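The values are calculated or read from the model by the stated rules, or taken from the named source; none is laboratory data. The model shown is predicted, which means the values in this text are computed figures rather than measured ones. Positions of Cβ are generated from backbone atoms using ideal geometry, with glycine treated the same way; all protein chains shown enter the neighbour counts.
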Amino acid sequence: MQRAFIVIAALTALFLLPRAIQRELTVAQSHESLIEKRVYAYREWQSVGVWVAEGERVHMDAGGEWLYTPGEIHGPQGHSRYSAPSFYPLPGVAGGALIGRIGEEGRVFLVGDGTTVYADGPGLLYLRIDDDILSDNDGFVVVRVAVEGVE
């Protein structure tokens, strides 16, 4: 009886193990898939749940609208007339634009309605609106992210 149990367990493991390995490979491959994520105008840095390795290329496209200036709706490219002041996370670009960084302390870069960056270090991809006071903002933009591995 005990031998029959061992044989059944071994056959089950031989049958299920390749499927488990294939599932692991599928999950690992999805890193390069297109990911869509909402980024809210009233929240600090938001992880999009994508880990980026140093040297990988990250392509982002964004669309949608959010309230940045009272009474005015803008897209991820930000305000057409007002630049972000020196105390914003990324000064000198359009105020209210979509910005990003890779890692907790990564370099901040402009995303706007789309960009491609190369990761200068590893980490999670974070996005947010370029603004200092978030409590008076509203809305969100949808960002599509694709990561291409190091060749």
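Against the numbered list (1) more than 16 Å from VAL143 (Cβ to Cβ); (2) outside any strand (DSSP E or B); (3) of a type outside the set (Asp, Glu), GLY78 comes up short only at (1). Checking each residue in the range 46-73 for being surrounded by fewer than 16 Cβ atoms within 10 Å (Cβ to Cβ) and closer than 25 Å to ILE133 by Cβ picks out SER47, GLY63, GLU65, PRO70, GLY71, GLU72, ILE73.
Just one residue in the set VAL108, VAL93 is under 17 Å from GLN46 (Cβ atoms), hydrophobic (A, V, I, L, M, F, W, C) and without any contact (Cβ under 8 Å) to a residue 60 or more places away in the chain; that residue is VAL108. When you scan the range 91-100, do you find a residue that is in a loop (DSSP other than H, G, I, E, B), touching a Gly at 6+ places or on another chain (Cβ under 6 Å) and within 21 Å of LYS37 (Cβ to Cβ), even just one? Yes; the residues of the range 91-100 include at least one that is in a loop (DSSP other than H, G, I, E, B), touching a Gly at 6+ places or on another chain (Cβ under 6 Å) and within 21 Å of LYS37 (Cβ to Cβ).
When the residues of the range 17-37 are filtered to those that are under 14 Å from the mean Cα position of the chain (by Cα) and either among the β-branched types (Val, Ile, Thr) or exposed (fewer than 14 other Cβ atoms within 10 Å of the Cβ) (or both), the one that is modelled with the lowest pLDDT is SER30.
Residues in the range 111-145 that are among the charged types (D, E, K, R) and under 22 Å from ALA41 (Cα atoms) were compared, and the one that is surrounded by the fewest Cβ atoms within 10 Å (Cβ to Cβ) is ASP132. All of (1) surrounded by 13 or more Cβ atoms within 10 Å (Cβ to Cβ); (2) at pLDDT 95 or above; (3) within 12 Å of MET60 (Cα to Cα) hold for GLU148 with one exception: (2). Number of residues in the range 61-75 that are among the small types (Gly, Ala, Ser) and not in a strand (DSSP E or B) equals 2.
Taking (1) buried (at least 19 other Cβ atoms within 10 Å of the Cβ); (2) assigned to a loop (DSSP other than H, G, I, E, B) in turn, ARG43 satisfies each apart from (1). Within the range 76-90, the set of residues being of a type outside the set (Phe, Trp, Tyr) and out of contact with any Gly (no Cβ under 7 Å at 6 or more places or on another chain) comprises SER80, ARG81, PRO85, SER86, PRO89, LEU90.
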